[in-house]
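What follows is calculated from the coordinates using simple rules that are stated; it is not laboratory data. Computed from a prediction, not measured in an experiment: that's the story for all the values here. Every residue, glycine among them, receives a Cβ derived from its backbone with ideal geometry; neighbour counts consider all protein chains shown.
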Amino acid sequence: MIASASSFLILARFFGIYAILAIPISVAIVHPRIRHVLIARLNSIFRIQLQTPDIMKYGEYTLIKMHNIPAIVAKTVSAYDNHAESFLEIASFITDLLASGIDVTAYSIPHAAEEAKNIAELNGKVYFSTYVLLWSQGRSEHELVQSINAVPLGNERAGLRIELNDMDISRMRILFSDFRMRARKNYISGSRNISIFSLVDAEKAIFPSYCEALEISDLNAAVKFSAKHVDRKKLAKTASTKIADITFELKQRNSRKENTDYLKSVLNSAEILSNESRKDTPEAFLCSLDFMVMSRTPYGLKREISKLDRGLRIAGMRARNLSYRASRSVQGFFDFTRENTPYPMDASSAASFFPAYFSREETSGILIGINEYTGKPIYLDYFSHTSYNSIVTGETGSGKSYFAKVFSSRVFRAEYSKLLILDPLNEYHCTELGRSCMETDLIGFLDLIRRAITDVSLYRAIIIKYDLISAEKEATSGLMIAEALSQFMSKIDGRKTMIIDEANMVLKNEDALRLVENTVRHSRHFETSVFIITQSISDIMFGNTIEENSVHRFFFRTASPEDDFQRYIPGTNDLSKLIGGKNHNLSECYYSYGGRYVKILITDVDTTLS
């Protein structure tokens, strides 16, 4: 108040009574909210018109050109699976890319699943494709193409693909279209309504990435990340200023006995930048991270903005709406040579903010469930793996057989392979599958296949019924079941899937166990997949061959000690909390594969998965 009164007296001294007119102008300049509103009102008078970039082919390369500055467009490819190992692998590649001496701008473009029209489970799911623009100020198209040889391209697990298809180019053209827009109060209108947000704060660990938080929300927003090399003098000045500011703030918070963990991490980052500034070629970059939220209607835009805010909060990040700046914010997003809110970052920090940590669209194989972390469907193409076999364990009533029924039905409908189902509890029926299915008993099946009375290969599914209690009492039953599996595997051509429900009865018989082990060991040679379904993980320990030759493992609810599962799903929560069983129309399990795991939701109503 005293400062405001003093300011008014000074104005009155020079302008007299006209100083009253300066009061609202002074308030507007000083107060940020009022200033933003005035700027937005002024911007709304004029239409926003930007230069549309040229997108063209240059030999095998795709170029985008703006302000006569060319950039080569490449698409990121990765095998990101929400695990730290794949995150670090991709981050390592991005670090190498940034160190190649070329400036990098990445755009992650949201789009519907490519197979959404054909696969109901993909309806409503948003996937992101990330395109990297490689450029350097002052280089011509020819010089840029020559310098691309020094850029690492990585591999299919973490890398870049230079050759773009028509769909990729179409997505880029759509993103850089419709530059005739008008500014509103807190958004920009046109054929699509947009709001531009820029990162201003991040209190987060490197893993997991903010990309996952956005993906969970099915957010319709494009992401822009830019990283330009920064000179030593500017980096040293920025780092020293930041260190001084943070050190002062730390003292203030320590005196108030407040938590300072976050400030200490920021101070550590500033010190890393300061150390980089002392190197001849510092690995530091001027980076910015922007989000363009999109919707057809203002109301829909408000809903999408709420999704963005929620997703960033999950990731420990905060962004500011820059839409009031109208053309400046739009130019800062679409012009790959500019930034809205730049920050200096070291190489590892820049790599962690790079928008490359999105799920791949999966459609190959059979739907096994929904990833409970990302909400995306998970498909299993087990005939494309090194081992075709799977182990399914869980206590009685945990949802094992429910999963097997849903899975076998999908295998049958997709004509993915022929099916043999051993059904001791009368839970599988041809009426649930359809035509080209046969139900028989154990003796009948062996008689048919031994004597070739009926060509069983004509059936796409065979369900063998037998009584579990009687089979447990008869020592020969286990051998007959094992023989049925061996006969089906060796005498039927083509891909085959064999589901052994309540397999513990077979595995306890030593002679039958050896036959099952032999079947599992040679299943790949005969294009056969064996699903072993049993109540306890200890059942598969009867034969190490089964475990060694089964790379896919599904763990349903169980009260067994956690130690039994730590080798497959380390650090996971109590498996006794998983839902599933007769009182549920869905079930949960952990799916373990290749040293990694994911929690999945299983339901038999495919259209409800979207």
The stretch 398-459: radius of gyration and largest Cα-Cα distance (Dmax), Å: 12.5, 39
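As a quick test, which of the pairs LYS125/LYS302; LYS307/LYS376; LYS75/LYS376; LYS234/LYS279; LYS75/LYS185 have an alpha carbon distance above 24 angstrom in this structure? Show your work: numbers first, answer last.
Numbers: LYS125/LYS302 19 Å; LYS307/LYS376 17 Å; LYS75/LYS376 21 Å; LYS234/LYS279 13 Å; LYS75/LYS185 35 Å.
Among LYS125/LYS302; LYS307/LYS376; LYS75/LYS376; LYS234/LYS279; LYS75/LYS185, the Cα-Cα distance tops 24 Å for LYS75/LYS185.
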Can you give me the three principal axis dimensions of the stretch 242-281 from its C-alpha atoms, in Å, biggest first? 41, 15, 8
How are the Cα pair distances of the stretch 212-368 distributed, in percent, across 10 Å bins from 0? 9, 29, 32, 22, 7, 1, 0
Taking the chain and counting helices only, DSSP H stretches of n ≥ 4 at -39,500 (n - 2.57) each over all residues, the nearest-500 ellipticity at 222 nm comes to -11000 deg cm²/dmol
Karplus ³J(HN,Hα) for the stretch 150-160 (6.51 cos²θ - 1.76 cosθ + 1.60, θ = phi - 60°; Hz, whole; x = Gly/Pro) runs 8, 8, x, 9, x, 9, 5, 7, 7, x, 10
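Quick check of the Kirkwood formula: for the stretch 366-603, what is the inverse mean of 1/r over all pairs of different Cα atoms, in Å?
Taking the inverse mean of 1/r over all distinct Cα pairs, the stretch 366-603 comes out at 17.9 Å.
How compact is the stretch 435-571 by the rule of thumb for globular proteins, expressed as Cα Rg over 2.2 N^0.38 Å? Display every interim value, and only then the final one.
Numbers: Rg = 15.7 Å, N = 137, 2.2 N^0.38 = 14.3 Å.
Normalised Cα radius of gyration, the stretch 435-571: 1.10.
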Amide H neighbours of GLU439 at under 5 Å, excluding residues fewer than 5 places away on the same chain, with H built from the backbone geometry, are ILE463
List every residue whose amide H lies under 5 Å from the amide H of ARG184, counting only residues 5 or more places away in sequence or on a different chain, with H placed 1.01 Å from N in the peptide plane. SER189
Taking all pairs of distinct alpha-carbon atoms in the chain, Kirkwood radius in angstrom: 28.3 Å
Calculated SAXS-style log₁₀ I(q)/I(0) at q = 0.15, 0.16, 0.26 Å⁻¹ - the stretch 70-160, Debye, Cα scatterers: -0.68, -0.74, -1.29
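Out of every Cα-Cα pair in the stretch 283-427, what percent are more than 28 Å apart?
Values: 5066 of 10440 pairs.
Here the long-distance tail beyond 28 Å is 49 percent of all Cα pairs in the stretch 283-427.
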For the chain, the longest principal axis of the Cα atoms and the Cα long axis of helix 510-521 enclose an angle in degrees, to the nearest 10, of 50 degrees
Work through the residues other than LYS224 whose Cβ is under 11 Å from its Cβ and net out their charges, Lys, Arg +1 and Asp, Glu -1. -2
Quick check: Cα centre of the stretch 224-275 to Cα centre of the stretch 317-358, how many Å? 19 Å
Treating each Cα of the stretch 124-262 as an identical point scatterer and ignoring solvent, apply the Debye formula and state log10 I(q)/I(0) at q = 0.14, 0.19, 0.22 Å⁻¹. -1.13, -1.37, -1.44
Might you report the magnitude of the Cβ-based charge dipole of the chain about its Cα centre, with Lys and Arg at +1 and Asp and Glu at -1, to the nearest 20 debye? 3820 debye
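Once you keep just the Cα pairs under 8 angstrom separated by 6 or more residues, what percentage relative contact order results for the chain?
Numbers: 1140 pairs, mean separation 85.2, N = 610.
Once normalised by length, the contact order is 14 percent.
Please report the antiparallel percentage of the DSSP beta bridges confined to the chain, to the nearest 5.
Values: 83 of 112 bridges.
In the chain, DSSP labels about 75 percent of beta bridges as antiparallel.
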Taking the simple approach of a point 7 Å from Cα along Cα-to-Cβ for both ASN544 and LYS57, what is their distance in nm? 5.7 nm
